[in-house]
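What follows draws every value from the coordinates through simple rules; no lab data is involved. Since this is a predicted model, take the numbers as computed values, not measurements.
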Amino acid sequence: MNSTPPLPRWSLLLLLTIVVLAVVVPWISPWTYYTPSWDELDLEPTFANGHWLGTDDLGRDLLVRLMWGCRISLLVAVAASLTSLFIGVLWGATAGYAGGRVDAWLMRTVDVLYAVPFIPFVIVLTVLFGRNIVLLFVAIGAVSWLDTARIVRGQTLALRQREFITAARVGGMSPAQIVRRHVLPNLAGIVAVYLTLTIPTVILVEAFLGYLGLGAQAPLTSLGVMIADGAAQLRSRPRLLICPALLLALLVLCCNRLGDALRDHFDPASGGGA
């Protein structure tokens with residue numbers, strides 16, 4: 001009854017395979033993701049010429065560009081998710097344990113930030129600081145931590161009433177020590193689950209921004225940028241859309257399945273696989 005369902009194992013294997021390919025393929029390939037080749041425009045997929053997925057309208061190898069786009073999307077997702085994790089856990093744990101006015105002020109700040117529209121916020125940042133990959137980290141990380149903070153605060157409020165917290169308080173431990181030694185370790189499970197579920201959300205947000213032209217800029221590319229380019233050429237070159245869209249769907253599916261598996265592991269009562 002406690003055996004791990006097979007699908008999360010396959011999801012983990014598939015995700016690791018994609019990550020390894022994203023790292024290795026551009027490194028070993030003789031093609032670059034940015035250099036046009038006017039003699040190899042719109043080549044069909046074939047093993048004979050080394051272009052396994054063909055080339056795009058500028059003669060660039062589609063497989064290499066796809067792996068580079070996967071690199072950028074994963075980099076943005078992991079960096080923004082870790083930023084969200086750090087800020088959200090610190091903010092939520094402080095609000096939940098401190099309570100009172102500190103809790104009220106911190107959570108009202110979260111409510112105010114929730115009211116800020118995301119896309120106009122990104123546009124303002126783009127106008128002020130220009131378009132670069134660091135801007136994606138800042139823009140996505142600036143809003144993705146809000147849900148984490150609320151979840152961590154709720155869990156911390158429940159932990160604050162537990163006997164071992166009371167014993168630590170009576171034993172003379174400071175609030176910072178209690179949070180570090182007792183609260184945060186007990187939040188590890190829910191935080192790991194939410195981090196796994198945050199990564200696919202951030203991947204989709206990055207793809208959406210790339211589709212709108214607010215993501216990675218040339219010569220860099222990302223899955224969202226490639227999907228936008230492929231959508232404009234759907235009739236003549238459908239593989240330019242299908243390949244990045246399929247890879248994006250696989251990444252999101254694998255991360256979501258792993259998040260579900262972690263949730264079932266840490267909280268069997270939530271209703272895992274039968």
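Observations
- Scaling the Cα radius of gyration of the chain by the globular reference 2.2 N^0.38 Å produces a ratio of 1.20.
- Whole-number percent relative contact order across the chain, with pairs defined as alpha carbons under 8 Å at least 6 apart: 22
- The chain - mean residue ellipticity at 222 nm from DSSP helices (-39,500 (n - 2.57) per run, n ≥ 4, rounded to 500): -24000 deg cm²/dmol
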